[in-house]
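The values are calculated or read from the model by the stated rules, or taken from the named source; none is laboratory data. Keep in mind that what you see is a predicted model, and the values were worked out from it rather than measured. Here the Cβ positions follow ideal geometry from the backbone for every residue, glycine too, while neighbour counts run over all protein chains shown.
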Amino acid sequence: MTPAEPALRLVLLTSRGGGHCMHIAEQIAAGAIRGVVLAAIVTENPQAPVIDKCRQRGLPLQVIPWPGAPQRVQHELAVCAALQALEADLVGLVGYLRLVGPALVHPWQGRLFNLHPSLLPAHPGLNAINRAFDAGDARLGATVHWVDEGCDTGAPIVQRGFDRAHCLEAELLTEAINGLATTLARRCRVALATED
């Protein structure tokens, strides 16, 4: 990426403490993740600890409260509207505890990724680490994958076995976002060239 090219705008969705979100923000600030600016962190949980962390660090934050399962589509449309307003290029589900449906997946297909704490396709869904231990898996791992309409069924972007989950997940996020930023920047250049 040349200095004249704009940075890709990354938005992270999370439901919890936001440890990985803070890691990504730090990696961007340190230059370890290149070509990306953190446009915002979005949570659907008004009680999430990530809110205080963002305020303490001066990170852009939006809270879009979860209205309950019967209004999932309306919630996803509200999230989509926020992503469009933020001019997001890339969206990461990082500790986001909601299953996303077509209203969110379709507009962001190919730009929406998820972090999952297992070596997918093993143990999709919640409590993956506990289920891996209960199953006696010899190897544990983490996967950053594209989001589709299934539960953790999208194609892997990066995947690796680990001894300590949080450290590996943080490394995978840095690696995946760097790779995605390069790929999407190329796509943007090709799109601009075809418009001329």
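Which members of the stretch 111-131 meet the condition of being of a type outside the set (K, R) and in contact (Cβ under 8 Å) with a residue 60 or more places away in the chain? Before you say what the answer is, go through the steps one by one.
If we filter the stretch 111-131 for residues that are of a type outside the set (K, R), which is where we start, we get 112-130.
The answer is F113, L115.
Hand me the list of helices (runs of 4 or more DSSP H) wholly inside the stretch 1-96 holding 3 or more residues that are closer than 25 Å to A181 by Cβ and within 17 Å of the chain's Cα centre (by Cα).
19-30, 72-85
Given the structure, is T14 more than 22 Å from G150 (Cβ to Cβ) and either of a type in the set (S, T, Y) or touching a His at 6+ places or on another chain (Cβ under 6 Å) (or both)? It would help to see each step written out before you state the result.
Details: more than 22 Å from G150 (Cβ to Cβ): no; either of a type in the set (S, T, Y) or touching a His at 6+ places or on another chain (Cβ under 6 Å) (or both): yes.
When the stated conditions are applied, T14 does not pass them.
Look at R72 and say whether it is basic (K, R) and either closer than 25 Å to P46 by Cβ or touching a His at 6+ places or on another chain (Cβ under 6 Å) (or both).
Yes; evaluated as a whole, the condition is true for this residue.
Filter the stretch 184-194 down to the residues that are within 17 Å of N114 (Cβ to Cβ) and surrounded by fewer than 17 Cβ atoms within 10 Å (Cβ to Cβ) and list them by number.
Just the residues of the stretch 184-194 that are within 17 Å of N114 (Cβ to Cβ), to begin with: 184.
Listed by number, the list is empty, since nothing qualifies.
Cβ-Cβ under 7 Å, sequence separation 6+ or interchain: first residue in the stretch 132-155 and farther than 14 Å from F113 by Cβ and of a type outside the set (D, E, K, R), partner surrounded by 21 or more Cβ atoms within 10 Å (Cβ to Cβ) and at pLDDT 90 or above. Which pairs?
A132/S118; A132/H123; G141/S118
Return the residues of the stretch 165-195 that are without any contact (Cβ under 8 Å) to a residue 12 or more places away in the chain and over 21 Å from W108 (Cα atoms); say none if nothing qualifies.
Passing the criteria: C167, E171, A193, T194, E195.
With respect to the numbered conditions (1) at pLDDT 90 or above; (2) under 28 Å from P49 (Cβ atoms); (3) of a type outside the set (V, I, T), which one is the sole condition not fulfilled by Q109?
Every listed condition holds for Q109 apart from (2).
Is the stretch 97-104 home to any residue that is closer than 24 Å to L38 by Cα, in contact with a Ser or Thr (Cβ under 9 Å, 6 or more places away or on another chain) and either modelled with pLDDT under 95 or crowded, with 20+ Cβ neighbours inside 10 Å (or both)?
Within the stretch 97-104 (the criterion being closer than 24 Å to L38 by Cα, in contact with a Ser or Thr (Cβ under 9 Å, 6 or more places away or on another chain) and either modelled with pLDDT under 95 or crowded, with 20+ Cβ neighbours inside 10 Å (or both)), the answer is yes, since at least one residue qualifies.
Restricting attention to the stretch 62-96, and to residues there that are at positive phi and in contact (Cβ under 8 Å) with a residue 40 or more places away in the chain, which single residue is surrounded by the fewest Cβ atoms within 10 Å (Cβ to Cβ)?
So, considering only residues that are at positive phi and in contact (Cβ under 8 Å) with a residue 40 or more places away in the chain, the one surrounded by the fewest Cβ atoms within 10 Å (Cβ to Cβ) is E87.
Working only within the stretch 1-53, note down all residues that are surrounded by fewer than 16 Cβ atoms within 10 Å (Cβ to Cβ), closer than 13 Å to L173 by Cβ and in contact (Cβ under 8 Å) with a residue 60 or more places away in the chain.
Correct list: A32 only.
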